[in-house]
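What follows draws every value from the coordinates through simple rules; no lab data is involved. The structure displayed is predicted, hence computed values, not measured ones. Note: ideal-geometry Cβ built from the backbone for every residue, glycine included; neighbour counts use all protein chains shown.
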Amino acid sequence: MASSPTGAADDAPVVKAGCWFSASGHSVNQIDPTLFTHLYAGFAVVNKTPLEDSVITFPPNNEYIFQTFPESVQPHGNTHAHKVKALLSIGGPDSDETPNISEAIAYQVSDPNRRTTFIKKSIKLARKYNYDGLDLCWLYPSNGAYPNLLADFILFLNEWRLNVNEDKNKPKLLLTATVFHHPVIPSIDGNDFSYPIEALSRNMDWINVLATDFYTPSNSATKTGPVHAWLNPKEEKTCGSHGIGMWTEGSKIETKKLVLSLPFYGYEWTLEKLAEHAFFAPAKQGSKLPIEYRKIKADYLDKHKCPVVDGGEYVAAYLYSGATWIGFDDEQWISTKIKLAVLGMNLRGYFAWDVTADDDNHTLSNAGNWQHIYGFNNICI
């Protein structure tokens, strides 16, 4: 089992985390911080530059929100016994405003001088704005243009941890990474990228595993599917439990180092035949963009009273209204995934992606309440 400089895994505190996306357009004030132990601000932008001041920047339209995020997510009054820890997430998915983020991270990591600048800037930003930690959300590393990327990535992880450990400011910053649902990222040309599991385990406080998006309109254009399946009797490797199992296979990494991503969104298809609506029914692509749970709840569950169909053997759900078919996780399956992953597989906790996609009643966030799930509250920070 990999050793860790961050403390014994067996008594590691539970993580109940959520990520706020600046691109979502939702206010930080829509989060109920009493339901979380850690909240992420996503995402700081990575730029292809050797200059420290501009290598990592806040999105230009949301600079003030990022600067004040750690203060904004603290619970008010005496409703929560512990301070919520705020982490700055660096990278994230590409967007129209920030294209080629993955390539920019590879550019910074692949050169010793740029790597040092990148690390120093990340720590400087966290300390300046009172963040409790940093997250590398690299979606996703690829061997393409940088043949030595794996070795450089290992050096980056080692040096990031070393610089944080040597930082004289206290308390020590948390370091986390957000990763693909399996430890090997497949490539069209066969040049797959394998994560440096030992280096991640040794240097990160925990790792957020994006066990989501197994079936989307982009990768399953002609049929529906259990979008965020935890189990999959039909295609057993295409699900969250298999991904987590591959991360931990052969005790390569402690289970307490892993945090399960919980999706607060779904995807839409258009059914070919109204009478055929089960998983893997013939369908056409809907929007390739995810649909927030708040919209699913308002437009389909509340307004049209669409029933949620229980996909029990997949630990997934869907609804249909006419030819519209949407796969997503509701509160039942959010709670069930937490039971199966955190208790059943002894993971560190969970990570809501994206927390402001929840409805105004915080339905999915409340589904992760320990007292609701287990009948007791064992949260500690």
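Tabulated data
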| item | result |
| --- | --- |
| Share of alpha-carbon pairs per 5 Å distance bin for the stretch 242-327, given as whole % | 3, 12, 19, 19, 16, 9, 9, 8, 4, 1 |
| Inter-probe distance in nm under a simple model that places probes 7 Å from Cα toward Cβ, at Ser95 and Lys48 | 2.1 |
| Distant alpha-carbon pairs in the stretch 19-81 (separation over 16 angstrom), percent | 50 |
| Convex hull volume per residue for the stretch 19-135, taking Cα atoms only, in Å³ | 96 |
| Rounded tilt (10° steps) of 63-72 against the dominant C-alpha axis of the chain | 80 |
| Positive minus negative residues near Ser142 (Lys, Arg vs Asp, Glu; Cβ under 12 Å) | -3 |
| Once the Cα gyration tensor of the stretch 259-381 is diagonalised, semi-axes √(5λ) in Å | 28, 15, 12 |
| Cα point-scatterer Debye curve for the stretch 90-207, base-10 log of I(q)/I(0) at q = 0.24 Å⁻¹ | -1.63 |
| Using alpha carbons only: equivalent-ellipsoid semi-axes of the stretch 146-277, gyration tensor based, whole Å | 34, 17, 14 |
| Mean Cβ count within 10 Å, highest first, over the residues of peptides 130-142, 55-67 | 130-142, 55-67 |
| Proximal lysines relative to Lys170, as straight alpha-carbon distance under 27 Å, when same-chain residues fewer than 8 apart are discounted | Lys16, Lys83, Lys85, Lys120, Lys121, Lys124, Lys128, Lys256, Lys257 |
| Sum of side-chain charges, Gly42 neighbourhood, beta-carbon under 9 Å (Lys, Arg +1; Asp, Glu -1) | -2 |
| Rg and Dmax of the stretch 188-263, Cα atoms only, in Å | 13.9, 42 |
| Antiparallel %, DSSP beta bridges [both residues in the chain], to 5 | 35 |
| Proportion of all alpha-carbon pairs of the stretch 155-228 beyond 18 Å (%) | 57 |
| Inter-site label distance for His82 and Ile188 at 7 Å from Cα along Cβ, in nm | 4.4 |
| At 1.002 mPa s and 20 °C, Stokes D of the chain from Kirkwood alpha-carbon radius, µm² per second | 101 |
| For q = 0.12, 0.13 Å⁻¹, Debye-computed log10 I/I(0) when each Cα of the stretch 192-339 counts as one equal scatterer | -0.52, -0.60 |
| For the stretch 246-363: relative contact order, % (alpha-carbon pairs under 8 angstrom, 6 or more apart) | 36 |
